[in-house]
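The values are calculated or read from the model by the stated rules, or taken from the named source; none is laboratory data. Values in this document were obtained by computation on a predicted structure and should not be read as measured data. Every residue, glycine among them, receives a Cβ derived from its backbone with ideal geometry; neighbour counts consider all protein chains shown. Surface accessibility is based on the protein's heavy atoms, side chains included, excluding ligands, DNA and RNA. Shrake-Rupley method; radii C 1.70, N 1.55, O 1.52, S 1.80 Å.
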Amino acid sequence: MLDHFPFYLSLIIAIVLIIMLADKIKVAYPVLLVVAGLLISFIPGIPVMHIDPELIFFIFLPPLLYEAAWGVSWKEMWKWRRIITSFAFVVVFLTAMSVAFVANYFIPGFSLALGFLLGGIVSPPDAVSASAILKFVKVPKRMSSILEGESLLNDASSLLIFRFALIAVATGQFVWHQAALSFCWMLVGGVGIGLLVGFIFMKAHKYLPTDANMDIVLSVVAPYLMYLAAEEAHSSGVLAVVSGGLMLANNNHRFLSSASRLRGINVWESFCFVLNGWVFMLIGLALPEITAGLGDVSLSTAIWYGVLITGVLIVGRILSAYGAVVVTLIMRNFITVADTRNPGLKVPLVLGWTGMRGVVSLAAALSIPEHLENATPFPQRNLILFITFVVILLTLLVQGLTLPSLIKRMDLSDYDDESPEDDMYHSIRKQLAQQALQYLKDHYSEAIESHPALQQMVSKWEATQLPDEVLLAEESKAIYLDVINHQRKWLHDKNIAEGSLDEDIVRKHLRHLDIEEEKLQFI
């Protein structure tokens, strides 16, 4: 370990430089990191990277899912719940089934159980890759909300398929009623355990005498405990982290101080920046070990199998996207849907093209045991690993590099019915000033007369400007803090009541209120 430590340090520096380059040339950084890892792996003398699947599943996956859950909008997820669940569960199952039948037909020695195992591994699109690409192009808010919501759930559904297929391969049988009961427990148990652990952490934050540093440490521990508790109970650790993270994220204003929220954002962004960089670099570095294990299958044949499965995944997701549109158009005649308009041909094509694979697929493939319980080698393990690597590499390169130009060529502006961001931002800012002004006059009318600093605030708010940083007496600070808390509560209530508000803009204003509260310590 110590001998390789300089190499690991140089990798971190390389990751930072590569992400700088990706931002400069406007390419999603997962693409460049995988290619860079692949090229580095060919350098003579480079240590062979043996990736422990438990390392990825337990060390990397919980915090990455947790951070994603804090970043997604529950309001948007609920609004688009039908299409999100259809993509996260129905489409993932159909994709796994398609891969199973194709692999069983074209790949010698591949049973249907092995096909479903491979399908469960490669069926979930990677959230990080899509988010990194969408950073450079503008897409309708509804599309980004669907992709974010889907990415939180498809990992859980694919890993459930993977588990059942693994049992079928290992035992040679599949008992439907046992599988159904186990599936229900994984779903219900995972969500329940995540909510329970999240509730315990919420109360710990609220009632224990914690400061910002302690709150951040607890927030880092939380996803690991959620995942571990659920896995020990043989339920879904992924769903536990997602459900617990969503609950804590949507109630953070009830138990975290403004200092904890502001510092926590910075810590988590840096933490996940390093984790994501490491994961995608490791995917590329893993090639020599994966290729060495192919055995009797030639490299060209294995690559052909990988290309074939990649084609099935891409075509299957696009067809599923159009199928979801057809179902929505039919069901709008019987139930209330989030959007009654016909999305046309463009939106499903773009949704179907956002199918890059990543960390979960690699970790699942690596977690396949080398031997069955009877000590015989696990069938087709090395080939499954190689096909998974090819799928990840091709989807990142082909779809990842072409998605930005596809989005620009499709011109999706007609499908974006959100108000312009600047207009919405300034509208909320004006309403916040009016709320503060009215609250101050209703509750502190006498104090305004005796505190010049409050009079200046009133003048600024009447002009819908932000108050200047002025020296405040302790009583004035207490009054201003009460006003900030009122603004924060009003903004949360408005966000819940009005579905058309952009969650990102609401969070910008909430962060500004946190900053204003923190500034009270220094003025």
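Overview of values
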{"item": "Percent carbon-and-sulfur accessible area, the chain, ignoring ligands, DNA and RNA, probe 1.4 Å", "result": "64"}
{"item": "Förster radius 25 Å - calculated FRET efficiency between LYS206 and GLN438, Cβ distance, rounded to 0.05", "result": "0.25"}
{"item": "Using a Förster distance of 45 Å, the FRET efficiency for ASN374-ILE515 (Cβ separation, nearest 0.05)", "result": "0.15"}
{"item": "Accessible solvent surface per residue of the chain, calculated while the other protein chains remain in place, 1.4 angstrom probe, Å²", "result": "47"}
{"item": "Between 0 and 90°, nearest 10: helix 176-207 axis offset from the chain longest Cα axis", "result": "30"}
{"item": "Cα-based Kirkwood hydrodynamic radius, region 85-185, one decimal, Å", "result": "14.7"}
{"item": "Dipole in debye (nearest 20) - the chain, about Cα centre, beta carbon charges: Lys, Arg +1; Asp, Glu -1", "result": "1140"}
{"item": "Net length gained if the chain between VAL90 and CYS184 were fully extended (0.36 nm per residue, minus Cα distance)", "result": "32.3 nm"}
{"item": "Förster radius 56 Å - calculated FRET efficiency between LEU319 and ILE46, Cβ distance, rounded to 0.05", "result": "0.85"}
{"item": "Cα-based helix-to-principal-axis angle, 381-394 vs the chain, degrees rounded to 10", "result": "50"}
{"item": "Added length on full extension, which subtracts the Cα-Cα distance from 0.36 nm per residue, LYS26 to SER10", "result": "3.4 nm"}
{"item": "Over region 174-258, relative contact order from alpha-carbon pairs under 8 Å, at least 6 apart, %", "result": "44"}
{"item": "Stretch gain in nm, segment TRP490-SER405, where the contour uses 0.36 nm per residue and the Cα spacing is subtracted", "result": "26.5 nm"}
{"item": "Cα centroid separation, region 176-238 to region 63-137 (Å)", "result": "22"}
{"item": "Structure-derived Rg/Rh (Cα atoms, Kirkwood Rh) - corresponding label in (1) 0.98; (2) 1.01; (3) 1.05", "result": "(2)"}
{"item": "Listed residues ILE387, ALA222, SER476: farthest to the positive end of the dipole of the chain (Cβ charges)", "result": "ILE387"}
{"item": "Spacing of the two label points (7 Å from each Cα toward its C-beta) at LEU397 and VAL274, in nm", "result": "3.1"}
{"item": "Cα→Cβ-extended label distance, 7 Å offset, between ILE265 and VAL307, nm", "result": "4.7"}
{"item": "Residue list for region 229-262, given a label point 7 angstrom along the Cα-to-Cβ vector of ALA497 and an amide N cut-off under 20 Å", "result": "251, 253-254"}
{"item": "The chain - mean residue ellipticity at 222 nm from DSSP helices (-39,500 (n - 2.57) per run, n ≥ 4, rounded to 500)", "result": "-24000 deg cm²/dmol"}
{"item": "Flagged links, alpha-carbon separation over 29 Å, of LYS26/LYS430; LYS75/LYS203; LYS141/LYS519; LYS138/LYS430", "result": "LYS26/LYS430; LYS141/LYS519"}
